[in-house]
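Following: one structure in structure tokens, then a few remarks.
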Amino acid sequence: MHTPLIDLRDIRKAYGGHDTPLVEVLRGIDMRIHAGEFVAIVGASGSGKSTLMNILGCLDRPTSGEYRFAGENVAHLSSDELAWLRREAFGFVFQGYHLIPSASAQENVEMPAIYAGTPAAERHARASALLERLGLATRTGNRPHQLSGGQQQRVSIARALMNGGHIILADEPTGALDSHSGAEVMRLLDELASQGHVVILITHDREVAARAKRIIEIRDGLIISDSAADQPPTPVNRGALQAVDLRKRLSEGSEANGAWKGELLDAVQAAWRVMWINRFRTALTLLGIVIGVASVVVMLAVGEGSKRQVMAQMGAFGSNIIYLSGLSPNPRTPAGIVSLNDVAALKALPQVNMIMPVNGAEAGVRYGNVDHTSYVGGNDTHFPAIFNWPVVQGSYFTQADEDRAAAVAVIGKKVRDKLLKGIADPIGQYILIENVPFQVVGVLAEKGASSGEQDADDRIAVPYSAASIRLFGTQNPEYVVIAAADARKVKEAEAAIDQVMLRMHNGKRDYELTNNAAMIQAEARTQNTLSLMLGSIAAISLLVGGIGVMNIMLMTVRERTREIGIRMATGARQRDILRQFLTEAVMLSVVGGLTGIALALLVGGALVLAEVAVAFSLPAVLGAFSCALITGVVFGFMPARKAARLDPVTALTSE
Ligand code: ADP
Ligand code: MG
């Protein structure tokens, strides 16, 4: 005696019970179906046929009773094993066709094979062959809404056959069709039955049922007649599942070897399709992520740009430079005076490499009838070395000029451009500084550095002696520039200078020491704080973007609950559904992130044109993009899991 393929014992199904009235839909069904049978289950509407079929197809579990499939108790199978059974053993044909609306006929037919891990080429070929066999060769690219009812039902039959379809479960397959299409579908089922498929046909129409070899009639959840109750089972046909190998194949099948690649590709394609179909809504929702990513990238680029600009300007004079100048210790006393004696004392310090007093002030300058105001500093010949500031034309004044207080001047780029505009060769020209004629001997290279109001290039350097005697009438420096011997030990040098100065000034700290390094550091700190602030504002908009993704995903899951049910009925496991919806969330964020980066580059380009300092950094771009991606995964996970945990029948019958 053969093990029946399907063996139901005292199957009962009840709905409700807690707050709703308990409805017993199936009240003890006993039924055995063998390989190769063509069975029709007939009964009035509401008699429990669909409920029975969902249990037969492992979409639903009975409240009580035992269901053995090929000898295996279905109640003991895991959800993955049940998915395997739905995928490999059953093929569903529903009254409402249940095709995925966003996918083409071909893609709908291929779906069960994707979950089975069939290689793409084989899958395409088989789906095409099936569609051709069912007379749909010219309709493979059409989406369900572009097909007639009869055509849709044939697509769903092709889908049922995709993985073999040993057992075709057809629930009122002709119910929604006109008589001609209905007859055609019945002819197909007949044909399948004669080829060895088990066909279980559910109908309320006795005429349709008459096509089957065996008719089981149910009423109010009970079998009231079975035309083949006492007949011996028909011989086993090819294509039928055997009890012996089911266990083995179950354990193999639920591993889903190498199927992930095809599934991932399918998930990406499906995700792209859904995004494209809803492109307007998607674009609106993605705006959050796009703006978030773009603002993170742009704000960090602007922050970094201005930081680099400031640093470059401050570092232009060298990070080993210390400035010394007089200061009033409190508001009522006059500022202390740094004298040339102090300079001489400091010169002896081993921590001091170069020291240069500067006697200077803003002064009126004139050439011909052009007037200009510029900083005029008397200093010695260390100037080019200490400031790392060469001349580009002519030469720097010499020690001889210094010794005889020569009226010679080295002018900055700005002075050359403003005062001596249109003069081909400024060298040798005479300019008036505070009405004293000075001969131009050199032009300084452009520094391009400015801090506040001061432009480094708007400067004239003259010998210290000339400045003291001819211009300012004082020997004392306005400030002293000191180059520390070791740029890494500026602090130590400063301490040593402070000690000497304190001694020279009898313990009175009426002077001030500042250095570029400290200024740069302080500036860098403010800039970093600024970047951080801008960055967090941007991060918040990214968060808002993430919530947008979650919103659209929740909406998607809700709208496509039926699709999830269809996918489960064709054999998708929970993790397939999870993967699909996570893929969609990730795709959304990837598209949003890339668009955001593109937008950021555009805005950055516009800013560069507007002469704003921007510095795009790869870490910032990658960081913003990964944030978008992580946002997508994190916010997409909840909706995706919600989808994966749906009950197949609930999902399938949802509206
Ligand atoms: P048929 O397919 O024979 O028309 P069904 O199996 O669809 O019948 O339904 C049988 C009975 O079970 C109906 O009375 C229906 O109202 C009830 N029923 C079906 N599904 C549910 C459910 N989820 N909750 C409560 N009652 C249900
Ligand atoms: Mg029904």
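The values are calculated or read from the model by the stated rules, or taken from the named source; none is laboratory data. Since this is a predicted model, take the numbers as computed values, not measurements. Don't worry about glycine lacking a Cβ; one is built from the backbone with ideal geometry, like all the others, and counts go over all protein chains shown. Side chains included, ligands, DNA and RNA excluded: accessible areas come from the protein's heavy atoms. Shrake-Rupley method; radii C 1.70, N 1.55, O 1.52, S 1.80 Å.
Would you check if there is a residue in region 384-397 being over 59 Å from the mean Cα position of the chain (by Cα) and aliphatic (A, V, I, L, M)?
no
With the condition kept exactly as written, say whether any residue in region 31-49 is open to solvent by 50 Å² or more (accessible area, probe 1.4 Å), out of contact with any Lys or Arg (no Cβ under 6 Å at 6 or more places or on another chain) and more than 13 Å from ligand 1 (Cβ to nearest atom).
yes
Of all residues in region 347-361, count the ones that are hydrophobic (A, V, I, L, M, F, W, C) and more than 59 Å from the chain's Cα centre (by Cα).
1
Any idea how many residues of region 193-207 are within 16 Å of ligand 2 (Cβ to nearest atom) and open to solvent by less than 20 Å² (accessible area, probe 1.4 Å)?
Residues in region 193-207 being within 16 Å of ligand 2 (Cβ to nearest atom) and open to solvent by less than 20 Å² (accessible area, probe 1.4 Å): 4 in total.
Return the pairs, sorted by first residue and then second, in which the second residue is of a type in the set (S, T, N, Q) and within 13 Å of ligand 1 (Cβ to nearest atom), the first residue lies in region 194-221 and is closer than 10 Å to Phe38 by Cβ, the beta carbons are less than 6 Å apart, and the residues are 6+ apart or on different chains.
Note: no pairs meet the criteria.
The conditions are (1) open to solvent by 40 Å² or more (accessible area, probe 1.4 Å); (2) closer than 17 Å to Glu362 by Cα, and Ile411 fails exactly one of them. Which is it?
Unmet for Ile411, out of (1) open to solvent by 40 Å² or more (accessible area, probe 1.4 Å); (2) closer than 17 Å to Glu362 by Cα: (1).
Kindly indicate whether Asp190 is at pLDDT 90 or above, of a type outside the set (A, V, I, L, M) and open to solvent by 40 Å² or more (accessible area, probe 1.4 Å).
Spelling it out, Asp190 is indeed at pLDDT 90 or above, of a type outside the set (A, V, I, L, M) and open to solvent by 40 Å² or more (accessible area, probe 1.4 Å).
Residues in region 68-101 that are at negative phi, within 16 Å of ligand 1 (Cβ to nearest atom) and crowded, with 21+ Cβ neighbours inside 10 Å: how many?
So the count comes out to 3.
State all residues of region 1-30 that are open to solvent by less than 50 Å² (accessible area, probe 1.4 Å), part of a loop (DSSP other than H, G, I, E, B) and within 12 Å of ligand 1 (Cβ to nearest atom); if no residue qualifies, say none.
Gly16, Gly17
Which ones in region 39-56 are near ligand 2 (Cβ under 10 Å from one of its atoms) and assigned to a helix (DSSP H, G or I)?
Residues satisfying the conditions are Lys49, Ser50, Thr51, Leu52, Met53, Asn54.
Which ones in region 476-502 are assigned to a helix (DSSP H, G or I) and of a type in the set (D, E, K, R)?
The answer is Arg488, Lys489, Lys491, Glu492, Glu494, Asp498.
Could you tell me which numbered condition Leu59 fails, if it satisfies all but one of (1) touching a helix residue (DSSP H, G or I) at 6+ places or on another chain (Cβ under 6 Å); (2) within 19 Å of Val198 (Cα to Cα); (3) more than 13 Å from ligand 1 (Cβ to nearest atom); (4) not in a helix (DSSP H, G or I)?
Single failed check for Leu59: (3).
Return the residue satisfying two criteria in turn: it lies in region 162-175 and is buried (at least 24 other Cβ atoms within 10 Å of the Cβ) and away from ligand 2 (no atom under 16 Å from the Cβ), and of such residues it is nearest to the chain's Cα centre (by Cα).
Checking each candidate, the answer is Met162.
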